[in-house]
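The values are calculated or read from the model by the stated rules, or taken from the named source; none is laboratory data. These numbers were taken from a predicted model, which means no experiment stands behind them. Cβ sites come from the backbone with ideal geometry, for glycine too, and all protein chains shown count toward neighbours. Remember, those area values only see protein heavy atoms, side chains included, never the ligands or the DNA or RNA. Shrake-Rupley method; radii C 1.70, N 1.55, O 1.52, S 1.80 Å.
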Amino acid sequence: MRKTPITCIVILLLFSSHALFPQEIMKKVDLGGKWKFRKAGTSQWMDAKVPGCVHTDLMKNGVIPDPFLRDNEKNLQWISDIGWEYEKTFTVSDTLFRFRNLELVCKGLDTYANVYLNDSLIIVADNMFRDWYADIRLKLVIGVNKLRIQFPAVTSENKARYSRLKHKLPGDEKVVCRKAAYQFGWDWGPVLITSGIWRPIYIRCWDYLNVLGVQYIQRDLTDSVADMTAVFTFKARVSDSALIKLSVNGKLLATKKVPAQSGVNYARVDFRIANPKRWWPNGLGEPYLYPIRHQIYFAGKFAAEGTEKLGLRTVELHEDADKAGTSFHFVVNGIPVFMKGANYIPQDNFPSRVTDSSYRALIASVKASKMNMLRVWGGGIYENDIFYDLCDENGILVWQDFMFACALYPDNKDFIRNIQAEAAQNVVRLRNHPCIALWCGNNEIDEGWKNWGWQKQYGYSSRDSAEVWNNYRGIFGGTLLSVIAKFDSLRPYIHSSPRFGWGRPESTKQGDMHYWGVWWGKEPFSAYKEKTGRFMSEYGFQGFPSLETIQKFTLPSDRQLGSPVMKAHQKHPVGYETIDEYLLRDYRRPGDFESYVYVSQLLQAEGIKTAIEAHRRAMPYCMGTLYWQLNDCWPVVSWSSRDYYGNEKALHYFLKNEYNTLLVSPVINKGRLSVFVISDSLTDCHPELHLSLRNFAGKTFFDTTLTIYVAPNSSSPFVEFDTVEMLKGKDPKQLIFGVQLSFGKKIISQNNLYFEKVRDLILEKPVITKTLIKSQEGYQITISSDRLAKNVYLTCGLKGSFSANFFDLMPGENRTVTFSTRDNKTPIDNKLKIITLADTY
C-alpha cells in the first residue's frame, strides 16, 4: 500500500505581486500594452500588443489572415522560421529612483529571447514556462528608456540544439525546447509555433522589504480546530525587526515579532482556526475558502499586506494492494471520492488572448456538468492563476501534469537546470491552491518507451537504450521528485500517466489507465464495459463541432465531407475514416452534411456515455473517469465535448445526467437486464425508482415504481430482468426501456435502453408541437411529440444556451427547455429549429 496524505494547504504570494502596498513602499510599473515589432533584420516596424504573440500581432496589422480560417494554417509556417524583435520606449521619472530596488519581471517569454535594456543585455531566456528577472536599477535612466527583446527563429534554434544531442530522441526537435508542445501540432491541434511576450511584463519597485512568499501549512485538521503555520519568506535590505499579523474576516489570528537580517529571511507564525469549515469538491459540499490577511511592519513602519484564500481539506491518494492488483483512488476529508471529469488542454493556440471571461465560462460549464476533477495535460501550459482560482472557488480538483508529453528529453546539465527551475517556480506558484490534488511527471512517456517501439524507430543499441532510459528516470524519478520533496512534500506525485499501456493486462488492474482500444484499436463501444481499470484517466472518441462553429471557419462550398478545408480541420491521420466506420456500425448514413455533423455528435455522446456508466457501475473497483477531452484550442473535429467557441456538443449535454450525484444505469449482460443505481452522496437516501417498457407509439407493456434504499458512496443493481421473457411477443426494434430516479415529482436521473442498434430501430418522423414563453433569462420552450422523438436537438442561431438538448422525448411527455440569452430584442419564434434522428435519413 502506498498512502500519500495531503494535510498541507498552502498560500503563496509570489513576490508580493498580488499584495496591496502603499505606493511609497512598493510599486509595479506595467510595461504591457502598446509595443512595436518587426522581422529580425528589417527596418519596418509594426504595432504590437503585449501580452500577445507574433501571430496575433501579424493578424492585427493585416499581414496574415486568421490562421484558423479555412486552410490558412499551411501557408503560415514561415513565421517560426524567422526571428522577431519587439521594442518599447517608456519614460522614468526621478521619483522611481526613490525605491532602492528596481527589478524587471517577465512572467512569460516565448521562448528563446534576448532582453536588452538601453542596449545592455540583461536576460537570456529559453523557457516559456518560467518567470525571468533582472536587477535594472543601474541600467535605467531618468527620462526615455528602451526595452528591446529579440526572439530568434524557433525552428532554427531547435535544429541547432537537437543536432548537438548524443542521442536522437522521440519527439524530435521540439524536445529541446521548453515550449508548449501542442503548438508544434497534435492530433487535434494545428502547427502554429508562436513567439512573443505572452504573459505580463513589469518593473517591480520596492524599498526595505519584499515578501517573496507565504506558505500556509495545515498541521492538523479536526472538526473542532485547524492547527496552522504560516511560513514567510521575505527579503530585507537592512537588518532590523519585522512584526507579522494574521487575521481572517477582521479577527486577529496571530501576531509575532521576528528578527530580520539583511538578505533573505524565513519566519514561522503558528495560529488556529476554531470550528473550521472544510473545502469540499463539487457535489459533496461547499468549497469554503478563508480569506487570510497578513500585515507586516518593518522597523516600526508598515511594509506589506496581502490577502489570499485558503481552503481547509485533506486529500490522499490511495494505492492499496488487493486481490485484483493495486487500487488508485482519492480520499477527500476522509471520504473515498469517485472522480468525474475530463482532460483539459489550453483554450487557444495563442494562449495570451484567452480572456478571464472565457475562463469563467469554461469552469462554470464544468461545474454545471457535475464534474469534480480536471486533468491539466502535460503537452499544454501551466495555466494562469485565474484557472486555479476558479477551480478553488467551484470545488474542482486538479490533476496537474508537468509539461512533458509523448517524448523523451535531453540529459545535459543546462537542460536539467532549466526544467528544475521551471518545476520549482510552478510548484511554488500553485501549491497554495486547495484544488491541486496530484502532481504527475508526464503524459504517456513510460508507456511510449515500453510499448511504442521507440528503441527500434531510433536505432538504439542496448547501451543507448540504457542511457536514454536512465535519463528518463533521472528527470521523473529524480529532478521532479526532488522539487516536490522540497517545495510541496505532502502532495502525492506519480512519475507518469498511465501506469501501464492499454494493451497490457496489468492496465486494468493497477494504477490509472489510458484506454484507447476504442478509437485507436477500433474495438466496439461495448469494450468499455469489459476494459475498465482502477482509474480511467484517458479515453475518448471524436465528434464534429457544432454547425455554427463550422460555419465560422468555412465557406459554403467547404461544407462537405472530404473537402480540403474540412480535412485541414481534422488532425488525426485517419480521423474521418474512423468516425465513419463507427458511425455505420450503429447508425444509418445521414443524408447530408448537416445531418452528418449532428449524428457524429450522437455517436460520440453515446460511446462516452457507455464508458462513463461502465466506470461508475464498477465503483469501488474503478474510482475515476476523466474522458479525453474537455475543450479545443481551435475550431476542429476532435474528441472535445465543448468546442473552441464554447458550443456544447451532445456529449457535454449528456454529462449533466452521467455525472449526476445519483445515476440510474440499465445494462444488458448475458441476457439479463440489470438496473444499477450509483450514488456519490455522503448520505443515504430513499428515492423512487420508476421502470417502464413501452413502444415508440406510447403503448405501455409495464410501468412500476419502487421505493429503494441507496447507501452512500455505492453502486448496486436493484432490479434484474430476463430479456427473453421481457421481449416475448414484442418487436424489439420499437421498444424502449425507461428508468427514472426521483424524489417526489423531481426527477434526479433518467435513462433509456434500446434493444437493437439505433440503425435498426423503426423510427418514424414525429410531429412535434412547441410553445414559447418569454422569460427574464430568455425563453421557456415546451415541446411534446406524437411518438418517440429520438435525440431532440434545438438550435436557433442566436447567441445563448439551451438547458437541455439531444434528449429522447416520448409520446404524451411534455419537456420544458430554457434558452438563456442576453439578446432580448431578436425573437426566436421563426429561428427555432428542432431536429430529431428520424429527420437525418
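Can you order the peptides 170-182, 144-156 by their average number of other Cβ atoms within 10 Å per residue, highest first?
170-182, 144-156
For q values of 0.22 Å⁻¹, compute log₁₀ I(q)/I(0) with the Debye formula on a Cα-only model of the stretch 72-210, without solvent.
The Cα Debye sum returns log10 ratios of -1.33.
For the stretch 615-705, state which trypsin sites (Lys or Arg not before Pro) are in a DSSP loop and have at most 14 other beta carbons lying within 10 Å of their beta carbon.
K670, K699
Quick one: how many Å² of K486 are accessible to a 1.4 Å probe, rounded to 10?
My reading of the accessible area for K486 is about 150 Å².
Please give the peptides 111-117, 241-247 ranked by average Cβ packing (other Cβ atoms within 10 Å per residue), highest first, as a rough proxy for protection.
Ranked by mean Cβ neighbours within 10 Å, highest first: 111-117, 241-247.
What full-extension length gain, to one decimal in nm, is calculated for K159 and D322 as 0.36 nm per residue of separation minus the Cα-Cα distance?
Full extension of this stretch gives 53.8 nm more.
Hey, for a label at R822 modelled as a point 7 Å past Cα toward Cβ, could you say which residues of the stretch 761-800 have their backbone N under 17 Å away?
776-779, 798-800
Where the centre of each part is set by its Cα atoms, how far does the stretch 190-257 sit from the stretch 755-826, in angstrom?
The distance from the Cα centre of the stretch 190-257 to that of the stretch 755-826 comes to 51 Å.
Run through the stretch 507-608 and list the trypsin sites (Lys or Arg not before Pro) located in a DSSP loop whose Cβ has at most 13 other Cβ atoms within 10 Å.
K522
In terms of the Cα gyration tensor, with a ≥ b ≥ c the square roots of its eigenvalues, is the stretch 641-783 rounded because a/c is under 1.5, prolate because a/b exceeds b/c, or oblate?
oblate
Using a probe of 1.4 angstrom, how much of the accessible area of the stretch 615-767 is carbon and sulfur, in percent?
C and S atoms contribute 50 percent here.
Going down the list K567/K609; K609/K733; K765/K833, which pairs span over 23 Å between their C-alpha atoms?
Long pairs (Cα-Cα over 23 Å): K567/K609.
From the square roots a ≥ b ≥ c of the eigenvalues of the alpha-carbon gyration tensor of the stretch 301-430, which class results: rounded (a/c under 1.5), prolate (a/b over b/c), or oblate?
Verdict is rounded for the stretch 301-430.
How much length is gained if the chain between R360 and V238 is pulled fully straight, taking 0.36 nm per residue apart and subtracting their Cα-Cα distance, in nm to one decimal?
39.6 nm
How far apart, in nm, are the 7 Å Cα→Cβ label points at E577 and T222?
6.5 nm
If you average the alpha carbon positions of the stretch 272-295 and of the stretch 587-642, how far apart do those two centres end up, in angstrom?
Here the answer is 35 Å between Cα centres.
Quick one: give the max-minus-min coordinate of the C-alpha atoms of the stretch 171-228 along each principal axis, largest first, in Å.
53, 40, 19
Determine, for each peptide in 815-825, 492-502, 443-453, 412-422, the mean count of other beta carbons within 10 angstrom over its residues, then list the peptides with the highest first.
Taking the mean over residues of other Cβ atoms within 10 Å, the ranking is 492-502, 443-453, 412-422, 815-825.
Going through the stretch 641-736, which chymotrypsin sites (Phe, Trp or Tyr not before Pro) have at most 15 other Cβ atoms within 10 Å and a DSSP loop state?
Answer in residue order: Y645, Y709.
Apply the Karplus curve 6.51 cos²θ - 1.76 cosθ + 1.60, θ = phi - 60°, to the phi angles in the stretch 339-352 and return the couplings in whole Hz, x for Gly and Pro.
8, 10, x, 7, 8, 10, 10, x, 7, 7, 5, 10, x, 5
How much length, in nm to one decimal, is gained on full extension between K450 and N61, taken as 0.36 nm per residue of separation minus their Cα-Cα distance?
Difference between extended and current length: 135.3 nm.
Roughly how big is the chain's charge dipole about its Cα centre, with Cβ charges of +1 (Lys, Arg) and -1 (Asp, Glu), in debye to the nearest 20?
The calculated dipole for the chain is roughly 1240 debye.
Where the accessible area of the stretch 299-368 is counted over protein heavy atoms with a 1.4 Å probe, how much of it, in %, is carbon and sulfur?
Accessible surface attributable to carbon and sulfur in the stretch 299-368 totals 54 percent.
Short version: what are the Cα gyration tensor semi-axes of the chain, square root of 5 times each eigenvalue, largest first, in whole Å?
Equivalent ellipsoid semi-axes, largest first: 48, 32, 27 Å.
Given labels modelled 7 Å from the Cα in the Cβ direction, how far is it in nm from A804 to S489?
Going by the 7 Å Cα→Cβ label model, 5.3 nm.
Which of rounded, prolate, oblate describes the stretch 350-492, given a ≥ b ≥ c as roots of the alpha-carbon gyration tensor eigenvalues and a/c under 1.5 marking rounded, otherwise prolate only if a/b is larger than b/c?
In terms of gyration-tensor shape, prolate.
What is the chain's relative contact order, in percent, from Cα pairs under 8 angstrom and six or more apart in sequence?
For the chain, the relative contact order is 10 percent.
Positive end of the charge dipole of the chain (Lys, Arg +1 and Asp, Glu -1 on Cβ, about the Cα centre): tell me which of N275, L727, T700 has its Cα farthest that way.
N275
Which residue, chosen from S489, A242, S681, occupies the Cα position most advanced towards the positive end of the dipole of the chain, where the dipole is computed from +1 (Lys, Arg) and -1 (Asp, Glu) charges on Cβ about the Cα centre?
Value: A242.
Which whole-Hz ³J(HN,Hα) couplings does the stretch 705-710 yield from phi under the Karplus relation 6.51 cos²θ - 1.76 cosθ + 1.60, θ = phi - 60°, glycine and proline marked x?
10, 10, 9, 10, 9, 10
For every helix of n ≥ 4 consecutive DSSP H residues, a contribution of -39,500 (n - 2.57) applies; sum these over the chain, divide by its total residues, and give [θ] at 222 nm rounded to the nearest 500 deg cm²/dmol.
Using -39500 (n - 2.57) per qualifying helix, the result is -5500 deg cm²/dmol.
Computed over the Cα atoms, what is the radius of gyration of the stretch 550-661 divided by 2.2 N^0.38 Å, N being its residue count?
Here the answer is 1.15, to two decimals.
Please compute the per residue accessible area over the chain with all protein chains in place, 1.4 Å probe, rounded to a whole number of Å².
With the other protein chains kept in place, the chain gives 39 Å² per residue.
Would you work out the charge dipole size for the stretch 147-220 about its Cα centre, treating the Cβ of every Lys and Arg as +1 and the Cβ of every Asp and Glu as -1, and quote it to the nearest 20 debye?
Using only the charged Cβ atoms, the result is roughly 320 debye.
About its Cα centre, what dipole magnitude does the stretch 628-750 give when the only charges are +1 on Lys and Arg Cβ and -1 on Asp and Glu Cβ, stated in debye to the nearest 20?
In debye, rounded to 20, the stretch 628-750 gives about 360.
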